[in-house]
Structure formats: C-alpha cells, structure tokens
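Undergrad: Just dropping this structure here.
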Number of protein chains: 2
Amino acid sequence: MREFILFSRGITREFKLNDLPNAGRMDLIARCISTAIFLSYSLRKDVKFHVVLNGPPSPPLTVTFFTNELKNVSPDERNVASHINIAIKNFKIGKKNSEPGIYIDKKSFEQLVREKVEEYGSENVFYLHVEGEDIRNVEMENDSVFILGDNKGIPKREENFILRNKIRKVSIGKIEYLSSQVIAIINYEMDRRGL
Amino acid sequence: MREFILFSRGITREFKLNDLPNAGRMDLIARCISTAIFLSYSLRKDVKFHVVLNGPPSPPLTVTFFTNELKNVSPDERNVASHINIAIKNFKIGKKNSEPGIYIDKKSFEQLVREKVEEYGSENVFYLHVEGEDIRNVEMENDSVFILGDNKGIPKREENFILRNKIRKVSIGKIEYLSSQVIAIINYEMDRRGL
C-alpha cells in the first residue's frame, strides 16, 4: 500500500463549496487527494490518503480515502471537497464509514503516524522536507508512507514527534513546491521504480 | 521561457464557476494552469501557459497566463477558472489583455504551435506522449515548449500537424497521468536540471 498523510489546517465543520480556501485551505487538501489517487480515467490501486484536519471548531479529525473502495469521486477540487463535507456531516451522527472508501475518525496526527510506524516500520515512513535526502537515492518499498504538510507546513511539536520516531526526511529538491505538486512527484518517482 | 500549450475542449463562452467539469473540463484546465505557474507562496518566473479552448460556441480561443505579470491569482481551481471567465467576457468587448498577465485571442492551436516553432525552433518544442522518448534522456534548454492534451488528448489532425513540424514526442513513462500531473512532473524534471 502507498499511503499519504497530510497535516492540514482544514476546518472540522461543514464548509461552503464556493469558498474552499477559507475552509482551512480545503482547496489545497482536495487538490492533494485528487493528485494522489487519480490517473487519467482511473483511480490508482492500493493508495490510502489520510488528511488530518486540525482547524476549528473540534480538531483533530482524520479523513481517509482508500482507492480500492472509492466510488463516484471526480478529480475536481469541488467534488473531492464535497466528499470531505459529507464525511464531516456523517461523523456528527456517529457514522465513521461515510461513503465507500471514505472514512473519518477523531484521530490525531500523532496517533496516525504511530499506527503507520507500527504497521510498516519507521524505515518505510518518509517525511517530505527540503532538507531531506534526495528521493532518488532512497530505497523504497511498495509499502511506503509519505508525510507532508499543507501550505504552513508541519508544526515544530509534530515535527519533533516525527523525528523521535526515526522517520527519515526525504527531499525532491530545493524548491518549495505546492503540496499537490509534491504528491505528483512522489507518485512519479515511485511509478518509475515500478512500485 | 518555459511554455506550455494545452489543447482543450474548454468552452468559449462564460461558464458557471460551480460546475467547472461541464464547461469543457474547465476544472482540468484550471488545475493545469495552477500546477504550471505556482510554487509554494510564489509564482514561477518566466512561465507562459497557453490553453486553447476548442469547445462551443465559437472556438478557437487561446488564453495565455504569463507569470511575470500576473496579479491576484490563487492556486485553487475556482480562482484560476474565474480569470478565464473574465478573459472570455473581456474578449467579447474587444479587450485582449484581460488582466495583468492574462491575454486572450482568437488563435488556433495550429497557429500557436507554428508561432512557437518559429520562435524557439522545433528542437525546443516537445509533444508529451506515452510513446515518446524518455524525458530523462532528452536534452532541454531553458527555452522549451511543452504541448499536451486534455483528458481526451490531441485529435489526429492536430497531432499530424505537430509531427509534420518535426516536434519530438517525449514521455514521462507508460502510465497515463492527469494532464496536471504531467505538468508537475515536467516542471520537476526541468527544475532538477537547474533550468
């Protein structure tokens, strides 16, 4: 499984689809998900995308998209965001499997990272960072987890948690890309290796 | 200058920002532009993005985003699309420089490609195609033009035109990516070479 964990400031209540940027950059979040899970006319297989929403009013919430089960999702930001909105609504009535392949739970970034370290081993979890080791020199497995932040990055406390867990920093270069561009590049680097 | 030419079915009249997919995949177009021109918190320098709108009612129209002059554009699809909408509206009253860095004209794909071949030489114009030469083996200059299609690709007639102009096919792999993903990868490959 290829997994992504996005630390975000996405808000944790329903939001307006006409103003995604003001919902804690829900546009960025949707774009990251779309970039991670879609290929032309198909969904990737075996990809899980987790976004941790750390915005008001009741953080954290983790929304997971699992491509092997997803239905009726389109690559446009508005559509992806609408499914996050539905998940938030469903969570309020206690429903954690919001739609096929879409899950939501009151899980923090640290809990999620800890789970993945236990599941895959810290050597298969990577923290995307400009100062990391060049991704082209890093050995990777099919089972790899990539952690990245939204436009404001990952706060110091969470970053310390990552590093304490022996998660390695990897880099795609000295340029600070949009989070969604980082994801496109990771997928591409993995694809080129036949992973 | 790094330039992109997107052959699209985008419609050539004003459209609803709440339904970009039904405006000839204006979501895809906006996502491509955003991916091409933005970095984290900044616009790239020296990038021109041309989208040829070939959808109804009055194709073709070419909209160009030039990063060195752009103002007030955000990376979300809705925002980018809103600027295309404004350009279409302005063109109706004869205004070809719609906003700073945003131009619109009644120019066809073939005219545009011909201009770029004359400007840069056909050796610096590349057609993204799964069957092309691996991009990592292709020498490139700072001045490079990349041609790609939307979700339906480039029609046979236009493709023949490209090939008659001695434009080379280059490939980023055997996987058919979203057009916006292709653009992220091209930028990344160029960036890694310091171009």
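The values are calculated or read from the model by the stated rules, or taken from the named source; none is laboratory data. Just so it is clear, the model here is predicted, and its values are computed rather than measured. Please note: Cβ atoms are built from the backbone with ideal geometry, for glycine as well, and neighbour counts cover all protein chains shown. Heads up: the accessible areas ignore ligands, DNA and RNA and are worked out on the full protein's heavy atoms, side chains in. Shrake-Rupley method; radii C 1.70, N 1.55, O 1.52, S 1.80 Å.
Undergrad: Give me the angle, in degrees from 0 to 90, between the Cα long axis of helix B:109-120 and the longest principal axis of the Cα atoms of chain B, rounded to the nearest 10.
TA: 50 degrees
Undergrad: Cα-Cα over 20 Å: which of A:95/A:152; B:45/B:71; A:116/A:166?
TA: Details: A:95/A:152 30 Å; B:45/B:71 13 Å; A:116/A:166 12 Å.
Over 20 Å Cα-Cα: A:95/A:152.
Undergrad: Out of B:54, B:18, B:90, any idea which swings most in a Gaussian network model of chain B, alpha carbons joined below 10 Å?
TA: B:18
Undergrad: How high is the FRET efficiency from residue A:89 to residue A:41, r the C-beta distance, R0 25 Å, rounded to 0.05?
TA: Numbers: r = 29 Å, r/R0 = 1.17.
Calculated transfer efficiency: 0.30.
Undergrad: Per residue of the stretch B:137-146, what does 6.51 cos²θ - 1.76 cosθ + 1.60 with θ = phi - 60° give for ³J(HN,Hα)? Whole Hz please, x for Gly and Pro, Karplus curve as stated.
TA: 9, 9, 6, 9, 9, 3, 7, 9, 10, 10
Undergrad: Here is a further query. Name the residue, out of A:14, A:159, A:139, whose mean-square fluctuation peaks in a Gaussian network model built on chain A with Cα pairs under 10 Å.
TA: A:139
Undergrad: Ok, one more. For the interface of A with B, what's the total buried accessible surface in square angstrom, probe 1.4 angstrom, rounded to the nearest hundred? Don't skip to the end; give the middle numbers.
TA: Details: alone 9520 and 9530 Å², together 16090 Å².
Summed over both sides, the interface buries about 3000 Å².
Undergrad: Under a 5 Å amide H to amide H cut-off, with H placed in plane at 1.01 Å, what residues pair with residue A:150 once short-range neighbours are removed?
TA: Answer set, sorted by chain and number: A:7.
Undergrad: Mind listing the long-range amide H neighbours of residue B:169? Cut-off is under 5 Å, sequence gap 5 or more, other chains count too, H placed in the peptide plane at 1.01 Å from N.
TA: B:127, B:133
Undergrad: What are the residues whose amide H is under 5 Å from the amide H of residue B:145, where those residues sit 5 or more places off or on another chain and H is modelled from the backbone?
TA: So residue B:145 has HN proximity to B:3, B:125, B:126.
Undergrad: May I pose another question? Copy-to-copy spacing for residue B:41, label 7 Å out on the Cα-to-C-beta vector, in nm, shortest first?
TA: Here residue B:41 shows inter-copy label distances of 4.2 nm.
Undergrad: Ok, one more. How would B:190, A:1 rank on accessible area, largest to smallest, probe 1.4 Å?
TA: Solvent-accessible surface, decreasing: A:1, B:190.
Undergrad: Could you please state how large a percent of the accessible area of the stretch A:92-185 is carbon and sulfur, counting protein chains only and using a 1.4 Å probe?
TA: Numbers: 2100 of 4630 Å².
C and S atoms contribute 45 percent here.
Undergrad: For the stretch B:176-184, take each phi angle, set θ = phi - 60°, evaluate the Karplus expression 6.51 cos²θ - 1.76 cosθ + 1.60, and give the result in whole Hz per residue in order, putting x for glycine and proline.
TA: Rounded to whole hertz, the list is 8, 8, 4, 4, 5, 5, 4, 5, 4.
Undergrad: Given the DSSP H assignment, sum -39500 (n - 2.57) over each helix run of at least 4 residues in the protein assembly as shown and divide by its residue total; what's the result at 222 nm in deg cm²/dmol, nearest 500?
TA: -10000 deg cm²/dmol
Undergrad: For a paramagnetic label modelled at 7 Å from the Cα of residue B:115 toward its Cβ, which residues of the stretch B:31-49 fall within the zone defined by backbone nitrogen distances under 12 Å?
TA: Residues B:49 qualify, since their backbone N sits under 12 Å from the label point.
Undergrad: Mean separation of Cα pairs under 8 Å and 6+ residues apart, divided by the residue count of the stretch B:63-195: what relative contact order is that in percent? Present the calculation step by step, with values, prior to reporting the outcome.
TA: On the way: 147 pairs, mean separation 29.9, N = 133.
With pairs under 8 Å counted, the relative contact order is 22 percent.
Undergrad: Give me the accessible area per residue for the protein assembly as shown, probe 1.4 Å, as a whole number in Å².
TA: Working: 16090 Å² over 390 residues.
With the other protein chains kept in place, the protein assembly as shown gives 41 Å² per residue.
Undergrad: Let me ask something else. What's the angle, to the nearest 10 degrees (0 to 90), between helix B:26-37's Cα axis and the longest principal axis of chain B?
TA: 60 degrees
Undergrad: With no solvent and one equal point scatterer per Cα, compute the Debye intensity ratio I(q)/I(0) for chain A at 0.18 Å⁻¹ and report its log10, rounded to two decimals.
TA: At q = 0.18 Å⁻¹ the computed log10 ratios are -1.27.
Undergrad: Does any residue of the stretch B:148-176 lose at least 30 Å² of accessible area with all protein chains in place compared with its chain alone, and if so which ones (probe 1.4 Å)?
TA: Correct list: B:151, B:175, B:176.
Undergrad: Is the C-alpha gyration tensor of the stretch A:87-195 telling us rounded, prolate or oblate? Criteria: a/c under 1.5 is rounded; beyond that, a/b larger than b/c is prolate, otherwise oblate.
TA: On the way: a/c = 1.71, a/b = 1.57, b/c = 1.09.
Note, shape of the stretch A:87-195 comes out prolate.
Undergrad: Copy-to-copy spacing for residue A:174, label 7 Å out on the Cα-to-C-beta vector, in nm, shortest first?
TA: 3.6
Undergrad: Shifting gears a bit: For the stretch B:69-83, what does the Karplus curve 6.51 cos²θ - 1.76 cosθ + 1.60, with θ = phi - 60°, yield as ³J(HN,Hα) per residue in whole Hz, taken in order and with x for Gly and Pro?
TA: So the Karplus estimates, Gly and Pro as x, are 10, 4, 9, 6, 10, 10, x, 6, 4, 4, 5, 4, 4, 4, 6 Hz.
Undergrad: In cubic angstrom, how much convex hull volume per residue do the alpha carbon atoms of the stretch A:24-88 span? Could the numbers behind the result be given before it?
TA: On the way: hull volume 4.9 nm³, N = 65.
Residue-normalised Cα hull volume stands at 75 Å³.
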